[in-house]
Amino acid sequence: MKEDIFYYPDLLLTCDPSDRETYYCTAPCLLIEVLSDSTERIDRREQFLSYQTLPSLQAYWLVAQQERRLEIFRRSHEWRMEPITSGCVSVDCLDVELSLDVIYEDVIQAP
């Protein structure tokens, strides 16, 4: 990633205790973007390509708002997309699993 370009993901996780910058994270292990009409193209293209250059990054999640669907991209799977529409998803850098029920708990789905 160019050092003068910054993206601010919707959610990030770092497990590096030395990652203490005030306004940005330098060693995230997980980045999450919630898809919206206005940002989806950037989230899928330029941000994703830029994020892949971060050596610490293990996974990138795209979270749909209009349906219960995650798109998981993992470095260990060569950044291939894994669609998740039910069940659980593994947060590898924390060694935990989250269910889609928990992730979408307070989200009202359109009829």
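Per this entry, C29 is not counted among residues that are surrounded by 12 or more Cβ atoms within 10 Å (Cβ to Cβ), under 13 Å from the mean Cα position of the chain (by Cα) and modelled with pLDDT under 95.
All of (1) in contact with a helix residue (DSSP H, G or I) (Cβ under 9 Å, 6 or more places away or on another chain); (2) of a type outside the set (G, A, S); (3) on the phi > 0 side of the Ramachandran plot hold for I84 with one exception: (3). Return a yes/no flag: does the stretch 46-57 have any residue that is farther than 21 Å from F6 by Cα, surrounded by 13 or more Cβ atoms within 10 Å (Cβ to Cβ) and in contact with a Leu (Cβ under 9 Å, 6 or more places away or on another chain). The answer is no; no qualifying residue exists.
The rows are residues; the columns are (1) in a loop (DSSP other than H, G, I, E, B); (2) modelled with pLDDT of 95 or more; (3) of a type in the set (D, E).
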{"position": "S50", "(1), (2), (3)": "no, no, no"}
{"position": "L57", "(1), (2), (3)": "yes, yes, no"}
{"position": "W61", "(1), (2), (3)": "no, yes, no"}
{"position": "E71", "(1), (2), (3)": "no, yes, yes"}
{"position": "S86", "(1), (2), (3)": "yes, yes, no"}
{"position": "D101", "(1), (2), (3)": "no, no, yes"}
{"position": "V107", "(1), (2), (3)": "yes, no, no"}
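Does R80 count as free of Cβ contacts under 8 Å to residues at least 12 places away in the same chain and farther than 25 Å from D16 by Cβ? Yes: the conditions hold for R80. Inside the stretch 18-48, residues that are assigned to a loop (DSSP other than H, G, I, E, B), touching a residue at least 12 places away in the same chain (Cβ under 8 Å) and either basic (K, R) or under 22 Å from E105 (Cβ atoms) (or both) make up a count of 2. The residue pairs whose first member lies in the stretch 51-67 and is of a type in the set (D, E, K, R), whose second member is at pLDDT 95 or above and assigned to a loop (DSSP other than H, G, I, E, B), and whose beta carbons are closer than 7 Å, counting only pairs six or more residues apart or on different chains, do not exist in this structure.
The values are calculated or read from the model by the stated rules, or taken from the named source; none is laboratory data. Keep in mind it's a predicted model, so treat the numbers as computed, not measured. Positions of Cβ are backbone-derived with ideal geometry, glycine not excepted, and every protein chain shown enters the neighbour counts.
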